[in-house]
Every structure is written in structure tokens, then in C-alpha cells.
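Everything on this sheet refers to the single structure shown next.
The values are calculated or read from the model by the stated rules, or taken from the named source; none is laboratory data. Note that this is a predicted model, so its numbers are computed, not measured. Positions of Cβ are backbone-derived with ideal geometry, glycine not excepted, and every protein chain shown enters the neighbour counts. We work out accessible area using only protein heavy atoms, side chains counted, and drop any ligands, DNA or RNA first. Shrake-Rupley method; radii C 1.70, N 1.55, O 1.52, S 1.80 Å.
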Amino acid sequence: MTRPQPFWRSLLFVPVLSERFLAKVHERGADAIILDLEDSILPTRKADARAALPAAVPRVAQKGADVVVRINRPLDLAVADIAASVMPGVAALMLPKVMGPEHVRLLAELVTDREAALGMPIGHTRFLALIESPAALPRLYAIAAEPRMAGMSVGGEDMATELGAIPSADSMYVFAMQGLAAARAAGILPMGSMGQLANINDLESYRAGLKRGRALGFTTASCIHPAHVPIINEEYGASDVELDRARRLIAAFDAAAADGAGAVAFEGSMIDLPVVIRARRLLERAASWAR
């Protein structure tokens, strides 16, 4: 891969044909904007959506957000979507209903051909995998380990439908945690939260789900409503107080390590290397948000 992995907190969906949403989406503060070619686009408008991408990409990125395009699952649509979506301004493709590593490799081959045809660095275009079927669950680790992968999410409405379940934090918990473990093992973004998402106006419940998600290890969430973006950035980000504490913690540990100690008392707690690693990772992620 020729590009470093992203440190996105928030990804905001926008239908690529909706002028009302496109007009202000760059002002919402999301780390990445997902231009949607899938669920929000009627079958009769797919070609129009693809044709709209070249103008939409620089428009939504004008304040520094990265651009992701969610493509369609059926192969005939995916081929056309990839041909239209792969371009220097698109950081990643979101792949819905991923079935296994072979599925990912097939799409990666198409992307590689397109990058080569455009003279782009091979590997520029990352993948975000949506795991939405129980059949894909045994293959999570293999999917996450594919070279272009940048993040993975497990669950959602499609998964719940196939399970005969009502989508909720409880019904998706086990599968979401399996995805989180696979993502962490592969070094990619664990995407998701553990909230009740049916009522998009219940911002307190939304925040509570993100708090729970962060405590479990999730770092990144997508959303469909602009009001959710600042909440995601707050809960999956870091406050100035947290960053200052991380810097002081690392300094205390480094001073102790210089004297030969592997652990040190810090503000009422004992800290050792795993705690320091988490603090360093937090500062690394925060540095990317400031750019």
C-alpha cells in the first residue's frame, strides 16, 4: 500500500444526487464524506449518480474531508461503480454486503486496473467493508486482512433481517465484537457503535451508544444525519484534557524508564507499557484530526 491508514472518527453519508445535502455537507465537520451510490439512489438513477461523481468529489472535499464512495453489491453495478469512482480525490470505497476475502480480491483487481489506467499509485484506493450477512461471519479475519482494507463494520439492518432479529445494540453485540476483534488484529478501523439508532432525533441515546462503543474499542462511526457528526467527533475523539493527560502520562513513564523502571505511579494509578501505548495511539490519532 502506498498510503498510510486513516484515523477517521466520523463518516457522513450523503446521496450523490441530492443538491440539498451536497450544498452544505463540507461544513459539517465530518472526517470523511461518503458519497452514496447504493441505498439512497433509485435503480433508475444509478447511471446519473455515477456521472455526478467527478463534480461532487472536489465539492464535498473543499474543507479537507476525505471522500469515500459507497458502491453497489451486484457485480454488474459494482463494475460500473468502480470505473466511475476510482480517481485521485477518492480515498476509499465502501463495499456493502461483503461475503469473503475472494469477494474483496475480485473488487481489488478491478480497482487496481482502474488505478493503473489513470496513472494513479497502486493501492491509493482503500476499502471499508460492511459485513451484513451471517454467512460472512466465519471469514471476518480473512476479510479484515486484505491489503486494501482500511476499516470494517459488522451488523446493521441487513444483518438483523437475515437473523430474524430486531436491530439493536443487544442483537448485534456479539457480531459487532467479533468484527472489532478482527479489525484490531488486522490493524484497521473498527467501525460501529452500540446504540439504539432507530430514532435519529434521540441525540442522548445516540451519544450513550457511542460512549459504550468507545469503551468497547470502536474508533469510527458512520452516520446519516449532520447532527450526529459533532457527537461522534467528541465521543470517538479526544478532549484537550485527555490529550494533556496523555502527554503527561507518557512523560512520566519515559522518565521512569530512563531510570530503569517498567512501571510508575501517575496521578493515583500505576501505569505500565500497555497504558502508555494507548496514550501514544491517542496522540497519533489526534494529530491526524488537526491536519
Listed residues G119, A80, Y173: farthest to the positive end of the dipole of the chain (Cβ charges) | G119
Efficiency by 1/(1 + (r/R0)^6): what FRET value for T44 and A261, r their Cβ-Cβ distance, R0 = 45 Å, to the nearest 0.05?
-> 0.10
How big, in percent, is the set of alpha carbon pairs in the range 55-153 lying more than 16 Å apart?
-> 53 percent
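To the nearest 20 debye, what is the magnitude of the charge dipole of the chain about its Cα centre, counting +1 on the Cβ of each Lys and Arg and -1 on the Cβ of each Asp and Glu?
Roughly 420 debye for the chain.
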What FRET efficiency, computed as 1/(1 + (r/R0)^6) with R0 = 45 Å and r the Cβ-Cβ distance, is obtained for A181 and A51, rounded to the nearest 0.05?
-> 0.65
Any idea how far the Cα center of the range 81-123 sits from the one of the range 152-200, in Å?
-> 24 Å
Helix 273-290: inclination vs the chain longest Cα principal axis, degrees, rounded to 10, gives 50 degrees
Inter-label distance for Y173 and A287, nm, one decimal - labels placed 7 Å from Cα along Cα-to-Cβ | 3.7 nm
Pairwise label distance in nanometres, E102 with L75, each label 7 Å out on the Cα-Cβ vector | 1.0 nm
Once Rh for the range 22-108 is found with the Kirkwood sum over Cα pairs, what is the Stokes-Einstein diffusion coefficient at 20 °C and 1.002 mPa s, in µm²/s?
-> 161 µm²/s
For the range 31-55, list residues with backbone N below 20 Å from a point placed 7 Å from the Cα of T161 toward its Cβ?
-> 36-46
The range 154-250, convex hull of Cα, quarter of hull surface, nm² -> 7.1 nm²
Tell me the label-point distance for the pair Q5, K63, using the 7 Å Cα-to-Cβ offset, in nm and rounded to one decimal.
-> 2.8 nm
For helix 169-186, report the angle its Cα long axis makes with the longest principal axis of the Cα atoms of the chain; keep it between 0 and 90° and round to the nearest 10°.
-> 80 degrees
Cross-link reach from K63 to lysines, straight Cα distance under 21 Å and at least 8 residues apart if same chain, gives K24
Measure of compaction for the range 1-52 (Cα Rg per 2.2 N^0.38 Å) = 1.31
Hydrodynamic radius (Kirkwood) for the range 107-213, which is based on Cα pairs only, to one decimal in Å | 15.0 Å
Within the chain, the percent of DSSP beta bridges that are antiparallel, given to the nearest 5, stands at 10 percent
Say we join alpha carbon atoms closer than 10 Å with springs in a Gaussian network model of the chain; which of R20, R139, R105 then has the biggest fluctuation?
-> R20
Could you state the angle between the C-alpha long axis of helix 75-85 and the longest principal axis of the C-alpha atoms of the chain, as a value from 0 to 90 degrees rounded to the nearest 10?
-> 70 degrees
How much accessible surface does Y206 have with a 1.4 Å probe, in Å² rounded to 10?
-> 20 Å²
In whole percent, the Cα-Cα distances of the chain spread across 5 Å bins from 0 upward as 1, 5, 12, 15, 18, 17, 14, 8, 5, 3, 2, 1, 0, 0
Rounded FRET efficiency, nearest 0.05, which uses the C-beta distance separating M270 from E19 and R0 of 51 Å = 0.35
